[in-house]
Structure formats: C-alpha cells, structure tokens
1. Would you call residue 121 in contact with a helix residue (DSSP H, G or I) (Cβ under 8 Å, 6 or more places away or on another chain), among the small types (Gly, Ala, Ser) and under 30 Å from residue 7 (Cα atoms)?
2. Any residue at all in the range 345-355 that's over 28 Å from the mean Cα position of the chain (by Cα) and at pLDDT 95 or above?
3. For the range 332-360, how many residues are of a type outside the set (Val, Ile, Thr), open to solvent by less than 10 Å² (accessible area, probe 1.4 Å) and within 29 Å of residue 406 (Cα to Cα)?
4. With the checklist (1) within 19 Å of residue 290 (Cβ to Cβ); (2) exposed (fewer than 13 other Cβ atoms within 10 Å of the Cβ) in hand, flag the one item residue 193 doesn't pass.
5. Looking for something in a strand (DSSP E or B) and either in contact (Cβ under 8 Å) with a residue 60 or more places away in the chain or open to solvent by less than 50 Å² (accessible area, probe 1.4 Å) (or both) - is there at least one such residue anywhere in the range 118-125?
6. So which of 434, 440 ends up being among the aliphatic types (A, V, I, L, M) and either in contact (Cβ under 8 Å) with a residue 60 or more places away in the chain or within 30 Å of residue 18 (Cα to Cα) (or both)?
7. Looking at 308, 314, can you tell me which residue is surrounded by fewer than 24 Cβ atoms within 10 Å (Cβ to Cβ), closer than 23 Å to residue 220 by Cβ and within 17 Å of the chain's Cα centre (by Cα)?
8. For the range 25-37, does any single residue satisfy the condition of being modelled with pLDDT of 90 or more, in a strand (DSSP E or B) and surrounded by 13 or more Cβ atoms within 10 Å (Cβ to Cβ)?
Amino acid sequence: MARVQPLSGFPEWSPQERLVEAHVLATLREVFALHGFGEIETRAVEPVDRLAGDSDASKEIYAIGRLNADEQAGREAKLGLHFDLTVPFARYVEENQGRLQFPFRRFQIQKVWRGERPQEGRFREFYQADIDVVGRDTLPEHLEAEVAIVMARALRALPLPPARMHLNNRALVEGFYRGVGIADVAGALRSVDKLDKIGPDGVREELHGKGVSPEAVDAILELAAIQTPDGSFLDLVEALWDHSPIVEEADDARAQFDRGARSLAALVDAVNTAVPETAIADLRIARGLDYYTGAVYETVLDGHEDLGSICSGGRYDSLVAGGGFPGVGMSIGVSRLVSRMLGAGLATASRSVPQAVLVAVTDEEHRAASTAIADRLRARGIATEVSPNAAKFGKQIQYADRRGIPFVWFPAAGDGTSPDGEVKDIRSGDQVPADADAWAPPTEDLNPRIVRG
C-alpha cells in the first residue's frame with residue numbers, strides 16, 4: 001500500500017487540541033448571542049463569477065465539479081468553495097431581504113477554503129467567525145462601536161493575552177489624502193496598507209510610482225505615524241492639516257476629514273469605556289479594500305504581534321452590489337488563532353477525552369453489569385466509558401491513565417458491602433464506596449477544562 005501523503009494547509013487537531021478549538025467556537029457563539037446576534041449558515045459553494053467579482057480572488061478559489069460531468073453539467077454555472085463569509089452573506093441578504101428584519105444582526109461561524117501558500121497561521125481550510133449589522137438604506141454610527149465592543153469582549157473571554165484593537169476612520173484618511181492633492185485615493189490606501197510588510201521606504205517607492213509627489217508622500221506617512229490610546233490624536237491630526245504647506249483648503253475634503261476625526265475619537269472612547277485598555281487610534285490602519293467607508297479595525301495580541309491582525313473589518317456603505325444595505329462587521333480567523341494558542345502553549349485541555357469515569361469489567365460474563373452502571377452515570381450527565389476488555393484491574397487502571405480518565409469504577413462483587421461498587425481517583429489513590437445514582441466527580445473533573453498556559 002502506498003504511503004499516505006499529508007496535505008499541507010488542512011489542519012487536523014488531536015482530540016485534546018480539538019477541545020481547545022471547540023471551546024473557542026463555543027465561547028464566540030455565547031458572546032455573540034448574548035449581544036443579540038443571530039446565527040446563520042450559508043451553503044459552502046457559490047458561482048465562481050460571484051466569488052471572484054472584479055478582483056483577482058479567482059487565483060485562490062477552489063472550483064468544484066463532478067469527475068464524470070456530462071454535457072448538461074458542463075453548461076451549468078461553475079461553482080467554487082467560498083473563501084470568506086462576506087460574499088455568501090451578501091448573497092444571503094440580497095436573496096432574503098423581504099424576510100429579514102433590519103438592522104439585521106448576524107453571526108456566522110463556518111469553514112472557508114482558500115488556495116494560498118500554507119505557512120504558519122495560514123491554512124487552505126479554516127474556520128472563520130464573522131459578525132455584521134446590516135441596515136436598509138441607513139445605519140446608525142453607534143453600531144461601529146458596538147461591533148468593536150462585542151469582538152473585544154469575545155477575545156477577552158478566551159484564554160489569550162490582551163488584545164489591542166487598532167482603529168482608524170477611512171473618512172479621516174481619505175479627506176486628508178484629497179487635501180494633499182492625491183487623486184487616486186484608493187491606490188494610495190492600498191500602498192499604505194502594506195506598511196507592515198514593506199516598510200516606509202517601500203511605501204514611498206510605490207507611491208512615487210503612482211505619481212504621488214514627494215511632499216504628499218511625506219504628509220501621508222506623517223499621518224500614518226500617529227498613534228494614541230485615546231482621543232488625543234485629534235490635536236495631532238488637526239495640527240498636521242493646519243501646518244502642512246501642501247494642504248489645499250478644499251471645503252469638502254476638510255469636512256470629510258473633520259467628520260472622520262470626530263467619529264474616530266468617539267469610537268475609541270466608547271470601546272475603551274466598555275472594555276478598558278483595548279482601543280488604540282492608529283492612523284496607519286488603512287484596510288486596502290475599496291468598500292470600507294468609515295471605521296476600520298485591526299486587532300493584535302500582546303507578545304504575538306508577528307501573527308499580524310487576528311480580527312479585522314470595518315464600515316461599508318453597501319453590502320450588495322445594488323446598494324441600499326450599509327453595514328459594519330468584523331471577522332476572526334479562528335483556525336489561525338487556535339494554531340497560535342496551541343503552538344505557543346497559551347491554552348490546553350485538562351484531559352484529552354470527555355470521559356470522567358472508566359467502569360472496569362470484572363469478567364466478560366459480567367460486562368452487562370458494568371454497562372448498566374455506565375448508563376446510570378450517563379443519564380446524570382457524567383461522561384463514562386466501559387473498559388474494552390476484562391484484563392486485570394491494574395491494566396484497566398493503566399488504560400484509564402493513558403486515556404486521561406481520572407476515575408475508575410469497580411463494580412460490586414455482590415457481597416453487599418457497597419451499593420454499586422467503589423470508585424477510585426487514580427491520581428490520588430483515594431477509593432470510596434459509591435452509588436451510581438448519587439455519586440458525582442468534583443465539578444472541576446466533570447468535563448475537560450481549558451487551562452491557560
């Protein structure tokens with residue numbers, strides 16, 4: 001038989017690692033639901049032309065089809081696995097708008113597939129978790145803060161180092177860019193979005209290649225360098241506008257700049273009031289996607305900045321191409337986050353299996369008695385396994401120890417000395433008589449716990 005060849009970029013966790021992932025997913029669901037977001041699930045496939053749109057995303061799309069496609073199948077729309085949750089969500093809203101109540105608050109946790117080069121923290125198949133609030137024609141600005149707060153609380157509920165949410169506002173940035181005479185604002189934003197990857201000199205070179213004057217490049221790099229943990233950035237950006245020799249006093253550009261600055265200050269204040277020491281005003285954050293129009297977010301973990309942003313998003317004027325559905329949303333790359341949690345020892349499960357008890361088997365003739373005890377424990381919510389063989393009790397204890405099961409139940413010998421037998425904590429050696437209808441393990445042993453590293 002040929003040796004099985006592993007496929008890179010498709011994570012397969014061990015049972016103990018899977019418990020950590022399951023804890024992350026359950027925690028996100030709980031926090032999102034507590035804040036009034038309803039869960040949806042969309043199909044895994046979309047037409048390729050919808051997925052790709054006008055971008056070059058087609059390079060990363062996994063197309064699907066039947067191996068023995070007939071002529072009719074060849075005429076059908078080509079399908080691809082979704083590479084994010086935004087495109088299918090836009091289609092979902094467009095198709096179901098007549099049945100939705102707006103503002104529509106949704107969260108979605110599903111696997112996505114992306115044909116990129118696998119590397120640390122980047123996979124071809126991974127879980128993504130999104131929250132969005134979408135309005136019909138209008139959307140209140142305070143929801144930009146609410147979405148950020150919900151995500152900040154979700155991250156704080158996980159066994160992670162402190163998360164810092166770097167915030168900016170596209171209106172502020174675009175107004176300033178227009179003020180210094182940049183015509184291709186979207187192109188300049190895409191270049192500035194690469195600051196972390198190519199550095200100021202690389203961005204400068206790119207912008208010069210796009211025809212941006214050296215003076216304008218200096219101005220927007222100076223703007224990008226502003227970062228404060230509160231609203232004090234306001235004085236800095238206003239001084240930069242007022243004292244920059246190349247700023248043109250275009251009323252509409254200044255109005256856009258001022259509107260964005262005030263909105264960003266309110267956002268930073270709201271997030272830090274709700275989740276202290278979380279939000280940072282960071283004028284470097286650009287989010288190169290063209291559809292963002294207001295707040296933009298990127299989130300990094302203290303001590304793990306090399307991982308990049310673990311959670312990002314922003315405000316957009318329309319979710320669907322036809323317009324009329326403004327919204328705000330954020331997305332977490334769950335598998336990427338779990339990979340770092342496991343690799344860096346940030347979290348682990350207290351044991352690798354859900355079972356708290358192994359019921360020993362005296363001999364095969366009495367296996368039914370052991371199974372009956374296990375079922376009585378299970379009926380009370382205690383995860384239980386029956387020993388796979390009737391080996392000597394010492395070997396059954398060794399089996400439980402290897403599995404990570406903390407308690408072994410020895411069925412009664414029928415001499416009337418104990419109700420149903422005795423249960424042994426194999427870690428401490430304590431052994432006591434027990435009744436399967438009354439005994440329970442300590443609360444901390446009932447289920448595997450996620451332990452911070």
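The values are calculated or read from the model by the stated rules, or taken from the named source; none is laboratory data. Because the structure is a prediction, the values reported are computed rather than measured. All Cβ positions, glycine included, derive from the backbone under ideal geometry; neighbour counts span all protein chains shown. Areas reflect the complete protein model, heavy atoms only, side chains present, ligands, DNA and RNA absent. Shrake-Rupley method; radii C 1.70, N 1.55, O 1.52, S 1.80 Å.
1. On the way: in contact with a helix residue (DSSP H, G or I) (Cβ under 8 Å, 6 or more places away or on another chain): yes; among the small types (Gly, Ala, Ser): yes; under 30 Å from residue 7 (Cα atoms): yes.
Yes, satisfied.
2. Taking the range 345-355 first, the residues over 28 Å from the mean Cα position of the chain (by Cα) are 355.
Going one step further and asking which of them are at pLDDT 95 or above, we end up with 355.
Yes, the range 345-355 contains at least one residue that is over 28 Å from the mean Cα position of the chain (by Cα) and at pLDDT 95 or above.
3. Taking the range 332-360 first, the residues of a type outside the set (Val, Ile, Thr) are 333, 335-337, 339-347, 349-352, 354-356, 358, 360.
When the remaining residues are screened for being open to solvent by less than 10 Å² (accessible area, probe 1.4 Å), the result is 335, 337, 341, 347, 349, 356, 358, 360.
Remaining after also requiring within 29 Å of residue 406 (Cα to Cα): 341, 347, 349, 356, 358, 360.
The qualifying residues number 6.
4. (2)
5. Narrowing the range 118-125 to residues in a strand (DSSP E or B): 119, 122, 125.
With the extra rule that they be either in contact (Cβ under 8 Å) with a residue 60 or more places away in the chain or open to solvent by less than 50 Å² (accessible area, probe 1.4 Å) (or both), the set shrinks to 122, 125.
Looking for residues that are in a strand (DSSP E or B) and either in contact (Cβ under 8 Å) with a residue 60 or more places away in the chain or open to solvent by less than 50 Å² (accessible area, probe 1.4 Å) (or both), one finds at least one in the range 118-125, hence yes.
6. Working: 434 fails: either in contact (Cβ under 8 Å) with a residue 60 or more places away in the chain or within 30 Å of residue 18 (Cα to Cα) (or both).
Just one listed residue meets the conditions, 440.
7. Working: 314 fails: surrounded by fewer than 24 Cβ atoms within 10 Å (Cβ to Cβ).
The match here is 308.
8. Restricting attention to the range 25-37, the residues satisfying the condition of being modelled with pLDDT of 90 or more are 25-37.
The next check asks that each one be in a strand (DSSP E or B); those that pass are none.
Among the residues of the range 25-37, not one is modelled with pLDDT of 90 or more, in a strand (DSSP E or B) and surrounded by 13 or more Cβ atoms within 10 Å (Cβ to Cβ), which makes the answer no.
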